[in-house]
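Reviewing the structure listed below.
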Amino acid sequence: MSKKTLQLHSTVDTDYILVKKHTVDLAITALKKDGYNVIFE
């Protein structure tokens, strides 16, 4: 079974990223538990 890859493109502004960072971290953790390989570009 090949590992799934999720590519996240950081195109939103920095303030939005800072506000959402905790939520994003939780989402990434959940995706990794589901077997996704998360890549930031």
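The values are calculated or read from the model by the stated rules, or taken from the named source; none is laboratory data. Owing to the predicted nature of the structure, the values given are computational and were not obtained by experimental measurement. Neighbour counts are summed over all protein chains in view; Cβ atoms, including those assigned to glycine, are modelled from backbone coordinates with ideal geometry.
Structure above, values below:
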| item | result |
| --- | --- |
| Every pair of residues 6+ apart whose Cβ atoms lie under 7 Å, when the first sits in the range 29-41 and is modelled with pLDDT under 75 while the second is polar (S, T, N, Q) | Ile39/Thr5; Ile39/Gln7; Phe40/Ser10; Glu41/Gln7 |
| Single residue of Val19, Val24 found to be of a type in the set (A, V, I, L, M) and at pLDDT 70 or above | Val24 |
